[in-house]
Amino acid sequence: DGGITQSPKYLFRKEGQNVTLSCEQNLNHDAMYWYRQDPGQGLRLIYYSQIVNDFQKGDIAEGYSVSREKKESFPLTVTSAQKNPTAFYLCASSQRTGASEQYFGPGTRLTVT
Amino acid sequence: AQSVTQPDIHITVSEGASLELRCNYSYGATPYLFWYVQSPGQGLQLLLKYFSGDTLVQGIKGFEAEFKRSQSSFNLRKPSVHWSDAAEYFCAVGPIQYGNKLVFGAGTILRVKS
């Protein structure tokens, strides 16, 4: 079955540590996205990538980094510079052009203490 | 700037009653519009989408939505709510700039009482 996988489902880290969240898709989509979700704030775009080896900052990129070395994979690193990293993180993908919806993974809940 | 407003943070309806969730958007051209549903701790699932054509669109799980350009609205409706519909619902508009970026509303939490 085609879809998006995110791992792990739950992640716990100590303050000051970098952590990488995994996102893999087998939908053959060019575009991939990372969102952060906090209660009452909807989804806020962190980074997006339209094609391999290219990515752009979204609305809240500070303290995060990404890479896009393969079409299928778009890992997100939450760095120690992110002041409030505890949140629910969602990965999505879509076709790059034309009318297309985004498909979402199941999410990773990150807790930093 | 493009934006989406979902005026209701929480809505409670009785099982079997009708439902309407409101969505208003700001967008400079003809938008793509979406409704997604999210159960607690899960990802988002697409309920329905509007790209062009018929302004009344049908989705999964018995939901429908109507695009009203004059009111900049895309309200979600269901004639009879089931307890399993309790979830959070997000309206989204796009495409934003290049590609298929979306802007999401803050969400409406639906509670269903028996």
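None of the figures in this text is laboratory data; all of them are computed from the coordinates on show. Note that this is a predicted model, so its numbers are computed, not measured. Positions of Cβ are generated from backbone atoms using ideal geometry, with glycine treated the same way; all protein chains shown enter the neighbour counts.
Panel order for B:His82, A:His29, by other beta carbons found within 10 Å of each beta carbon, from fewest to most: B:His82, A:His29. When B:Glu64, B:Glu20 are sorted by how many other C-beta atoms sit within 10 angstrom of their C-beta, beginning with the fewest, the order is B:Glu20, B:Glu64.
Relative to the Cα centre, the charge distribution of the protein assembly as shown, modelled as +1 at Lys and Arg Cβ and -1 at Asp and Glu Cβ, gives a dipole magnitude of about 300 debye.
When the Cα convex hull of the protein assembly as shown is projected onto planes of every orientation, the mean area is 12.6 nm². Look at A:Leu27, B:Leu102 and count the other Cβ atoms within 10 Å of each Cβ; fewest to most, that gives A:Leu27, B:Leu102. Each Cα pair under 8 Å and six or more residues apart adds its separation to the average, and for chain A the resulting relative contact order is 35 percent.
Note on the range B:19-65: Cα-only Rg and Dmax are 11.9, 34 Å. Summing +1 for each Lys or Arg and -1 for each Asp or Glu among the other residues whose beta-carbon sits under 13 angstrom from that of B:Leu48 gives 0. With bins 10 Å wide beginning at 0, the percent of Cα pairs of the range B:47-114 falling in each bin runs 18, 47, 29, 6, 0. Shape annotation for chain B: C-alpha extents along the principal axes are 44, 30, 22 Å, from largest to smallest. Mean partner shielding of peptide B:42-49, defined as the number of other chain Cβ atoms within 10 Å of each residue Cβ, is 5. If you wrap the tightest convex hull around every Cα atom of the range B:1-41 and split its volume per residue, you get 118 Å³.
Each residue, B:Arg69 and B:Thr30, gets one label point 7 Å from its Cα in the Cβ direction; the gap between the two is 0.7 nm. Based on the reciprocal of the average 1/r between different C-alpha atoms, the Kirkwood radius for chain A equals 14.0 Å.
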